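First comes the structure, then the notes that go with it.
The values are calculated or read from the model by the stated rules, or taken from the named source; none is laboratory data. All figures in this text were calculated on a predicted structure; none of them were measured in a lab. Cβ: placed from backbone, ideal geometry, glycine included. Neighbour counts: every protein chain shown. Each accessible area value is taken on the protein alone, full model and side chains, heavy atoms only, with ligands, DNA and RNA left out. Shrake-Rupley method; radii C 1.70, N 1.55, O 1.52, S 1.80 Å.
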Amino acid sequence: AKQIVLSGGGGTDMRIGIEAALKQHPKPGIVIVLTDGYTPWPKKKEGKYELVVGLIGGDSYTKKRIPSWAHTVEIS
């Protein structure tokens, strides 16, 4: 794990991945995303699933933007 270098440059739209996950059959009961938080989020929860956001190095700006219905785990 120490050999993995995480880097980002913006541009990831988590809504697309969440929507793709929810189109699977059977539908998932939980969707987990890892992000720095600089992404658009779904405006509302569609369907019966739990969204877990692994927030990597988030700040007060990104923490406020995560939907209130999502479960957030801060990763430092």
Fill in the blank from the handout: Exception for residue 28 within (1) modelled with pLDDT of 95 or more; (2) open to solvent by 100 Å² or more (accessible area, probe 1.4 Å); (3) more than 13 Å from the chain's Cα centre (by Cα) falls at (2)
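Table: residues versus (1) among the polar types (S, T, N, Q); (2) at pLDDT 95 or above; (3) surrounded by 12 or more Cβ atoms within 10 Å (Cβ to Cβ).
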{"residue": "35", "(1), (2), (3)": "yes, no, yes"}
{"residue": "38", "(1), (2), (3)": "no, no, yes"}
{"residue": "60", "(1), (2), (3)": "yes, no, no"}
{"residue": "64", "(1), (2), (3)": "no, no, no"}
Practice task
Starting from region 58-76, keep only residues that are in contact (Cβ under 8 Å) with a residue 24 or more places away in the chain, then list their pairs with residues that are open to solvent by less than 70 Å² (accessible area, probe 1.4 Å) and not in a strand (DSSP E or B) whose Cβ atoms are within a distance under 6 Å, requiring at least 6 positions of separation or different chains.
Solution key: 62/37; 67/41
Handout entry: Condition check for residue 7: open to solvent by 100 Å² or more (accessible area, probe 1.4 Å) and either modelled with pLDDT of 90 or more or not in a loop (DSSP other than H, G, I, E, B) (or both)
Key = no
Completion exercise
Among 47, 17, the single one that is open to solvent by less than 70 Å² (accessible area, probe 1.4 Å), out of contact with any strand residue (DSSP E or B) (no Cβ under 9 Å at 6 or more places or on another chain) and not hydrophobic (A, V, I, L, M, F, W, C) is 47
Exercise for the section: State whether the residues of region 21-37 include one that is out of contact with any Gly (no Cβ under 9 Å at 6 or more places or on another chain) and assigned to a helix (DSSP H, G or I). Expected result: yes
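Conditions (1) of a type in the set (Gly, Ala, Ser); (2) part of a helix (DSSP H, G or I); (3) more than 24 Å from residue 5 (Cβ to Cβ), marked per residue:
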residue	(1), (2), (3)
18	no, yes, yes
40	no, no, yes
52	no, no, no
69	no, no, yes
Problem - Where a residue in region 1-24 is within 26 Å of residue 50 (Cα to Cα) and its partner, wherever it lies, is modelled with pLDDT of 70 or more and aliphatic (A, V, I, L, M), with Cβ under 6 Å and at least six apart - result: 14/33; 18/31; 21/31
